[in-house]
Amino acid sequence: MSPHAALRPQPTPLPTPAPAPTRAPARPTAAAALHSISAVTAVLLGLVAIGAMIHEPVLIPPLAASAALVHSAPTLPLAQPRGVIVGHLVGAAVGYAVLAAGGGSAWAAAVAAGVTLALNMVARTPHSPAVATAVIIVLQAPAPDRFVPLLFGSTVLLVLTGFAASRVRRGAPRYPAYWW
């Protein structure tokens, strides 16, 4: 071995992946389940009220799925703020683009779903409910000047609710695992 070989940086070994779980996760305690259910229900009722006031109720399906991820699986990448907020905005952009290019058919909605999933993967903003946002836009054609601000505000509200709820109950996993 040459004398300079000891001075060269040695490659860092790659971490070994954690073994895949072999069982379903443990059942939550009654208090944890009640906490999650009440937090999700409260935020969704608030969003329904806002949507009803401005006549845009179509946001509830994807946001209900987002709320379920944020409050029941707060450490998953799919539940992190980056994916929740940016993922839905990507879905909205794709939905409106596909609607403009291909009209409001089920075929166009399927294309919007696939493109949204692909773009969210590339943008590192994984959030499966955002795919539903694109589909809803193609099939329902909501007015973008009302829908997009409501979508943005709703996703921020979901993230903030997840943050607050994770700090109220002792022993709850902290949300978010990372902000951006």
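The values are calculated or read from the model by the stated rules, or taken from the named source; none is laboratory data. Keep in mind it's a predicted model, so treat the numbers as computed, not measured. As a convention, Cβ positions derive from the backbone with ideal geometry for all residues, glycine included, and neighbour counts pool all protein chains shown. Keep in mind that these areas ignore ligands, DNA and RNA; they rest on the heavy atoms of the full protein, side chains included. Shrake-Rupley method; radii C 1.70, N 1.55, O 1.52, S 1.80 Å.
The table for this structure:
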{"read-out": "Highest average packing first - 165-175, 85-95, Cβ atoms within 10 Å", "value": "85-95, 165-175"}
{"read-out": "Approximate spin-label separation residue 168-residue 145, in nm, with each point projected 7 Å along Cα-to-Cβ", "value": "3.7 nm"}
{"read-out": "Cα-projected label distance for residue 41 with residue 124, points at 7 Å along beta-carbon direction, nm", "value": "3.9 nm"}
{"read-out": "With every protein chain in place, the range 122-161: carbon and sulfur % of accessible area (1.4 Å)", "value": "70 percent"}
{"read-out": "Per residue solvent-accessible surface (Å²) - the chain, probe of 1.4 Å", "value": "59 Å²"}
{"read-out": "Solvent exposure ordering (accessible area, 1.4 Å, most first) of 178, 96", "value": "178, 96"}
